[in-house]
Amino acid sequence: MKLILHAGTHKTASTSFQNNCFLNSKYLNNLGIHYPKLHFLPKDNLLKQEILLQKKSPLDLQQHSFIPRFINKGFINDLKRFFLETYQAAKDINANYVLCSGEDMENCLVDLLLGREIVNQAKIIGFKSVEWIFIKRKSVEYYFSLYSQLAKQRITCDPITMIESIENNGYLTAQNMHGTFYYVFDLINRTKRLEDFTDTTISVINFHDFINISPGYNLIKTYSPMKSDLSFFKENIKINTTKKDEGIEIKHLFNFLSLDHSNQNYYKRQNIYDEVIRRRKYVIESGIKPTIESRLSKFD
């Protein structure tokens, strides 16, 4: 049985794909593809609180970013239990593949030891092989999409520092209460390193091919029997789009000032905030946008 690890990357319609897989897991089982659920409360207190606060059962987690998180936080037994239960469930239905999806597995492109540990634990449980799937998005699109997303996650970004970090390292690093996250632009080179280091197979899919028909439709088709009915995977699912510039810059500013994102806070000092935002937008428009294509094109 093969374990397929769809790691995204971030901002490549992964959430839409995960939602579709979760809602249609029974259909996927019929195709020999098992999309597993977490059937126990983990020892990771933050993840446990997240589940309980949202009044969710473990069965409601639609993606698998907890896989690398279990390792980083030292909860190896939770990972072993998840892999064991998943393997047995897939075996019981005679599945050919287990498909796990989580954007945080993008970290494995930088932290190769993390990737190796995931693969080792999977093979100990009984998986014969492991394949990683990464989605390649145009670097400029990825940059601005991340700039928007990180603002929403209460992470303050300096647009110039961002692009300099990407140029020098091939990836961007960000941190929050859940840990450290890597957003990889030098995808081709780093997937080759991960492939060699973990003795696995890696597939890189173009973003527009991935979202064609429906997010992940062509991925599912690849692992399904010939002439399978995939109409259940053709639903028109909303794909997250970048917010308006004004909203993004207000969020970055309020993150820096440790203020809640609210109209009330904005209107208290609107004139001051508008001037700061105007300056930041000027830096982006005059200092970044004219050259960003050439600066990041080496990663395309």
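The values are calculated or read from the model by the stated rules, or taken from the named source; none is laboratory data. The model shown is predicted, which means the values in this text are computed figures rather than measured ones. Positions of Cβ are generated from backbone atoms using ideal geometry, with glycine treated the same way; all protein chains shown enter the neighbour counts.
Go through segment 26-55 and give me each residue that's part of a loop (DSSP other than H, G, I, E, B) and of a type in the set (Ser, Thr, Tyr).
Tyr35
Out of Ile124, Ile33, report the one residue that is within 30 Å of Asn206 (Cα to Cα), modelled with pLDDT of 95 or more and not charged (D, E, K, R).
The unique qualifying residue is Ile33.
Looking at the structure I just gave you, is Ile93 out of contact with any Phe, Trp or Tyr (no Cβ under 9 Å at 6 or more places or on another chain), among the aliphatic types (A, V, I, L, M) and modelled with pLDDT of 95 or more?
Here the answer is yes, as Ile93 does meet what is asked.
State which residue is nearest to Cys100 (Cα to Cα) when the search covers only segment 158-170 and only residues that are surrounded by fewer than 20 Cβ atoms within 10 Å (Cβ to Cβ) and at pLDDT below 90.
If we take residues in segment 158-170 being surrounded by fewer than 20 Cβ atoms within 10 Å (Cβ to Cβ) and at pLDDT below 90, then Asp158 is nearest to Cys100 (Cα to Cα).
Does segment 270-289 contain at least one residue that is assigned to a loop (DSSP other than H, G, I, E, B) and either closer than 30 Å to Asn169 by Cβ or modelled with pLDDT under 90 (or both)?
Yes, that holds for at least one residue.
Identify the residue in segment 174-188 that is free of Cβ contacts under 8 Å to residues at least 40 places away in the same chain and touching a Phe, Trp or Tyr at 6+ places or on another chain (Cβ under 9 Å) and, among all such residues, is nearest to Ile163 (Cα to Cα).
Only one residue tops the list, namely Ala174.
Right, Val119: β-branched (Val, Ile, Thr), touching a helix residue (DSSP H, G or I) at 6+ places or on another chain (Cβ under 8 Å), farther than 30 Å from Phe256 by Cβ and outside any helix (DSSP H, G or I) or not?
no
Restricting to segment 171-215, count the residues that are within 21 Å of Gln18 (Cβ to Cβ), assigned to a strand (DSSP E or B) and in contact with a helix residue (DSSP H, G or I) (Cβ under 8 Å, 6 or more places away or on another chain).
Within segment 171-215, residues that are within 21 Å of Gln18 (Cβ to Cβ), assigned to a strand (DSSP E or B) and in contact with a helix residue (DSSP H, G or I) (Cβ under 8 Å, 6 or more places away or on another chain) number 9.
Count, please, the residues in segment 197-221 that happen to be farther than 14 Å from Arg137 by Cα and β-branched (Val, Ile, Thr).
6
Being surrounded by fewer than 15 Cβ atoms within 10 Å (Cβ to Cβ) and not polar (S, T, N, Q) is the filter here, so list the residues in segment 171-187 that pass it.
Answer for segment 171-187, where residues must be surrounded by fewer than 15 Cβ atoms within 10 Å (Cβ to Cβ) and not polar (S, T, N, Q): Met177, Gly179.
Residue check: is Gln121 under 18 Å from the mean Cα position of the chain (by Cα) and within 23 Å of Arg69 (Cα to Cα)?
For Gln121, the condition - under 18 Å from the mean Cα position of the chain (by Cα) and within 23 Å of Arg69 (Cα to Cα) - is not met.
Among the candidates Asn96, Asn72, which residue alone is of a type outside the set (Lys, Arg), within 21 Å of Lys48 (Cβ to Cβ) and more than 16 Å from the chain's Cα centre (by Cα)?
Of Asn96, Asn72, the one residue that is of a type outside the set (Lys, Arg), within 21 Å of Lys48 (Cβ to Cβ) and more than 16 Å from the chain's Cα centre (by Cα) is Asn72.
Restricting segment 3-35 to residues that are crowded, with 18+ Cβ neighbours inside 10 Å and over 16 Å from the mean Cα position of the chain (by Cα), which is farthest from Gln153 (Cα to Cα)?
Restricting to residues being crowded, with 18+ Cβ neighbours inside 10 Å and over 16 Å from the mean Cα position of the chain (by Cα), the top hit is Leu31.
Within segment 139-157, how many residues are out of contact with any strand residue (DSSP E or B) (no Cβ under 9 Å at 6 or more places or on another chain), surrounded by fewer than 16 Cβ atoms within 10 Å (Cβ to Cβ) and either under 17 Å from Asn169 (Cα atoms) or not β-branched (Val, Ile, Thr) (or both)?
Selection size over segment 139-157: 2.
Testing Glu167 on (1) under 30 Å from Val283 (Cβ atoms); (2) in contact with a strand residue (DSSP E or B) (Cβ under 8 Å, 6 or more places away or on another chain); (3) part of a helix (DSSP H, G or I), one condition comes back false. Which one is that?
(2)
Hey, among the residues in segment 56-103 that are part of a loop (DSSP other than H, G, I, E, B) and of a type in the set (Lys, Arg), which one's surrounded by the most Cβ atoms within 10 Å (Cβ to Cβ)?
So the residue we want is Lys73.
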